[in-house]
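> Got a structure for you, written out below as structure tokens; questions coming shortly.
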Amino acid sequence: MNEASAQPFLPLTRPTIDEETIAGVAEVMRSGWITSGPQMKAFEAALSTYFGGRPVRAFNSGTATLEVALALCNIGPGDEVITTPLSWVATANVILRAGAKPVFVDIDPVTRNIDLTLIEAAITPNTRAIMPVDLAGLPVDRDQLYAIAKKHSLRVIEDAAQSMGARWKGACIGALGDLVSISFHPNKNMTTSEGGCLVLNNEQEAKLAEQHRLQGVVRDADGGMEVDIVGGKFNMTDIAARIGLSQLKQLDSFNLKRTELAQHYFDCFAKTEVGLGGVKQGESEQAIPLGLPVADFTDSNWHMFQITVPFDQLNITRGDFIRAMQSRGIGVGVHYPAIHLFKAYRRLGFKEGDFPHAERIGRETVTLPLFPAMQFNDVDRVCTAIREIISETTSQNKK
Ligand SMILES: *Cc1c(COP(=O)(O)O)cnc(C)c1O
């Protein structure tokens, strides 16, 4: 056993839930109203204030918000939606489930987000929308994005699932733009257990979103109802909304802590000579370049801290690396393998070589622990473990 394994396990991520939140949830549980009601309304109002007064509706997941956003844009069979191949698979699944076709555009290997300079070449007469993702909370360039959308009259559905609290030129993501979809999954920067919200353009669109959210029902003053569109069942419970109300108040402090921890990762990697310059065991030895994220300390919300490790060069597999980290008491993750190489997507004709940057990062990416309750010495521990594992494998390779 490793000495380090005596320390408590450091998970990849963990939500921070305080006693005020737990007491608030207990109060809702005792109130006699636990599904969508006054807490959901209050949460939507607080979110709307956060997003500069734009209409907001709450849902039971970030996937549901994307599905409803596609429905609001009338996207279905015959339509194409341009998106990134490097995301959580939900991003592309919702397009397929709407009956439309995902058109992937490769990523920029530095930002790891969709390469905006390649979008125009992917536009066809069937293109209806662009669905960008702010991977790890690093925002896609909104000026360039909306210039393309405007020029080609396309809708934008921002899959901002990971970018709650991230910024673009001073404004928070969601305050500007077309439809903006956010997730409150427990791994995201703020949570409602499960949940999401959609930022909309006007009250009319918000009313339509409400219909899609709950079976298409519109109630009238006489206690009756009408159904003229076939909606789904995507409403947020008051229990979830109550968690969200407390989390929203803490979002800025959560994100500040994430940013400080990210900064500390950069400092540690610089000190331990693991980082952009590579791992050096001595002057004569070749550096092994680890890829670090863009060091953005103004716009990113540091949803994740992801490095790329050239496993081929190191002669170890990602599985070996993950197990070696785990034996040192550290949880790491993979976000994400390239979507187009999943079986369900290969079946549609996508194949290896289609999007080389997304494929390489999908193979080499490793997500390191990052959550508000972490301490700086946890970051030190992660960096030390990585350096140990890499120097062990490089010295083994030399034998
Ligand atoms: C988390 C996430 C989603 C889905 O959100 P859920 O709340 O889990 O449904 C969609 N897209 C991206 C990029 C995500 O990270």
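Every number in this text was worked out from the coordinates using simple rules, so none of it is lab data. Values in this document were obtained by computation on a predicted structure and should not be read as measured data. Reconstructed Cβ throughout: ideal geometry from the backbone, glycine too, with neighbour counts over all protein chains shown.
> If amide hydrogens are placed 1.01 Å from N in the peptide plane, which non-local residues have theirs closer than 5 Å to the one on Gly216?
Amide H to amide H, under 5 Å and 5 or more residues apart or across chains, Gly216 pairs with Gly231, Gly232.
> Next question. Using mean Cβ contacts within 10 Å as the protection proxy, how do 342-348, 158-164, 304-310, 128-134 order, highest first?
Values: 342-348: 12.0, 158-164: 28.0, 304-310: 20.9, 128-134: 24.9.
In decreasing order of mean packing, 342-348, 158-164, 304-310, 128-134 become 158-164, 128-134, 304-310, 342-348.
> What percentages make up the Cα-Cα pair-distance distribution of segment 19-246 when the bins are 10 Å wide from 0?
Over segment 19-246, the share of Cα pairs per 10 Å bin runs 8, 33, 35, 18, 5, 1 percent.
> Right, next: Using bins 10 angstrom wide from zero, how does P(r) for the chain break down, in % of all Cα pairs?
5, 22, 30, 25, 14, 4, 1, 0, 0
> Go through segment 181-189 residue by residue and turn each phi into a ³J(HN,Hα) via Karplus (6.51, -1.76, 1.60, θ = phi - 60°); whole Hz please, and just put x for glycine and proline.
Per residue, the Karplus-derived 3J(HN,Hα) values read 10, 10, 10, 10, 4, x, 7, 7, 5 Hz.
> In a Gaussian network model over the chain where Cα atoms closer than 10 Å are linked, find which of Gly232, Gly319, Gly196 has the largest mean-square fluctuation.
Evaluated over the chain, the most mobile residue of the options is Gly319.
> On to the next question. When only Cα pairs under 8 Å and 6 or more residues apart are kept, what is the percent relative contact order across segment 19-246?
On the way: 475 pairs, mean separation 62.7, N = 228.
Relative contact order of segment 19-246: 28 percent.
> Given the DSSP H assignment, sum -39500 (n - 2.57) over each helix run of at least 4 residues in the chain and divide by its residue total; what's the result at 222 nm in deg cm²/dmol, nearest 500?
Working: 13 runs with 153 residues, N = 399.
Estimated from H runs of four or more residues: -12000 deg cm²/dmol.
> May I pose another question? Antiparallel DSSP bridges in segment 151-254: what percent, to the nearest 5?
On the way: 10 of 13 bridges.
Roughly 75 percent of the beta bridges in segment 151-254 run antiparallel, per DSSP.
> Among Ile229, Ile114, Ile330, which one shows the biggest mean-square fluctuation in a GNM of the chain, springs joining Cα atoms closer than 10 Å?
Among Ile229, Ile114, Ile330, the largest GNM mean-square fluctuation belongs to Ile229.
> I'd like the distance separating the alpha-carbon centroids of segment 354-387 and segment 185-219, in whole Å.
Answer, in whole Å: 32.
> Average projected area of the Cα convex hull of segment 149-228, in nm²? Could you put the intermediate results ahead of the total?
On the way: hull surface 30.0 nm².
For segment 149-228, the mean projected area of the Cα convex hull comes to 7.5 nm².
> For segment 251-398, list log₁₀ I(q)/I(0) at each q in 0.17 Å⁻¹, using the Debye formula over Cα point scatterers of equal strength and ignoring solvent, two decimals each.
-1.01
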